[in-house]
Amino acid sequence: MLTTLISALAMSLAAQAPTIPPQATQLPPAPAPITAPAAPLVEVDTRPYVTLVTDLGTITVRLEDKRAPVSTKNFLRYVDSKRMDGFTFYRSTKSWGPASQLIQAGNRGDARKNYPQIAHEPTNVTGLTNCKGALVMARLAPGDATTDFFLLLSDIPGFDADPSQSGDNAGFAVFGELVGGADIADKIFNAPISPTAGEGVMLGQILDPMVKIKTARRVPAPADAPKGCVVKAP
């Protein structure tokens with residue numbers, strides 16, 4: 001009898017106990033992990049940069065090796081072989097006025113340091129332009145360039161190739177631009193000029209004394225390198 005009463009009491013208590021819905025026994029889902037937003041992709045600048053340490057200070061140039069590979073390779077041959085060490089900035093076109101300002105450098109000594117002449121890369125093919133700061137191959141005729149180059153200190157659109165014109169319309173080949181040391185380029189431009197040195201259009205444009213390039217070396221891309229102007233907008 002006692003056993004029967006205990007069993008009945010247990011059944012009664014079980015019937016009176018609240019029913020817990022199944023979902024109440026489940027743990028809430030774990031919150032989604034917090035992830036940082038993806039960092040924007042930064043395009044790495046793989047173009048070559050070169051510093052020219054001169055008597056008056058240091059100039060840094062960037063080379064457009066993808067658009068003007070022939071001229072760039074030629075310039076870097078002189079840099080990497082150290083043949084450019086001792087070349088000079090020897091010309092300033094102050095006598096041409098503010099619209100056509102440039103300084104010119106190259107081998108003014110032992111011609112045996114010259115590598116063979118290179119093919120001309122006209123601006124209508126490369127998509128580059130002769131704007132202020134452009135690094136440009138100097139030449140007399142298309143295809144005879146060797147060591148000499150210009151740094152433009154003003155826009156000179158007349159240096160761009162123009163196949164619609166007659167005669168020598170191939171212009172001058174742009175292959176890079178000035179990205180550091182613009183003040184040094186200005187110092188070279190405004191350096192003393194010999195009143196008698198030079199022939200033809202170069203009379204009165206020869207620096208005296210000439211400004212030596214002590215060393216020319218590749219350097220990493222500067223963090224603050226400007227975008228520049230030589231690449232024409234699409």
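Candidates Ala173, Ala161, Ala182, Ala141: the one that is among the aliphatic types (A, V, I, L, M), within 17 Å of Pro69 (Cα to Cα) and in contact (Cβ under 8 Å) with a residue 12 or more places away in the chain is Ala173.
Of the residues examined, Ala223 is one that is under 14 Å from Gly180 (Cα atoms) and free of Cβ contacts under 8 Å to residues at least 40 places away in the same chain. Check the range 28-47 and report whether any residue there is crowded, with 17+ Cβ neighbours inside 10 Å, within 30 Å of Thr215 (Cβ to Cβ), modelled with pLDDT of 95 or more and not acidic (Asp, Glu). No: the range 28-47 contains no residue that is crowded, with 17+ Cβ neighbours inside 10 Å, within 30 Å of Thr215 (Cβ to Cβ), modelled with pLDDT of 95 or more and not acidic (Asp, Glu). Going by the conditions given, is Asp162 assigned to a helix (DSSP H, G or I), surrounded by fewer than 17 Cβ atoms within 10 Å (Cβ to Cβ) and not β-branched (Val, Ile, Thr)? No, not satisfied.
Between Ala173, Ala185, Ala216, the distinction of being at pLDDT 95 or above, within 30 Å of Thr46 (Cα to Cα), crowded, with 21+ Cβ neighbours inside 10 Å and touching a His at 6+ places or on another chain (Cβ under 9 Å) belongs to Ala173 only. Hey, any hits in the range 138-155 for a residue that's in a loop (DSSP other than H, G, I, E, B) and either buried (at least 22 other Cβ atoms within 10 Å of the Cβ) or modelled with pLDDT under 95 (or both)? Within the range 138-155, one or more residues are in a loop (DSSP other than H, G, I, E, B) and either buried (at least 22 other Cβ atoms within 10 Å of the Cβ) or modelled with pLDDT under 95 (or both). Pairing each residue of the range 114-137 that is under 16 Å from Phe189 (Cβ atoms) and aliphatic (A, V, I, L, M) with any residue that is assigned to a helix (DSSP H, G or I) and at pLDDT 95 or above, provided the two are 6+ apart or on different chains, yields C-beta distances under 7 Å for Val136/Phe159. Among the criteria (1) out of contact with any Pro (no Cβ under 7 Å at 6 or more places or on another chain); (2) more than 24 Å from Asp168 (Cβ to Cβ); (3) crowded, with 17+ Cβ neighbours inside 10 Å, the one Leu63 does not fulfil is (1). Say whether the condition of being over 22 Å from Ala99 (Cβ atoms) and under 20 Å from the mean Cα position of the chain (by Cα) is met by at least one residue in the range 133-140. The answer is no; no qualifying residue exists. Screening Asn130 against (1) closer than 18 Å to Arg67 by Cβ; (2) touching a helix residue (DSSP H, G or I) at 6+ places or on another chain (Cβ under 8 Å); (3) of a type outside the set (Phe, Trp, Tyr); (4) not in a loop (DSSP other than H, G, I, E, B) leaves a single unmet condition, (4).
The values are calculated or read from the model by the stated rules, or taken from the named source; none is laboratory data. Bear in mind that the values here come from a model prediction, so they are computed numbers and not experimental data. Virtual Cβ from ideal backbone geometry, glycine too; neighbours counted across all protein chains shown.
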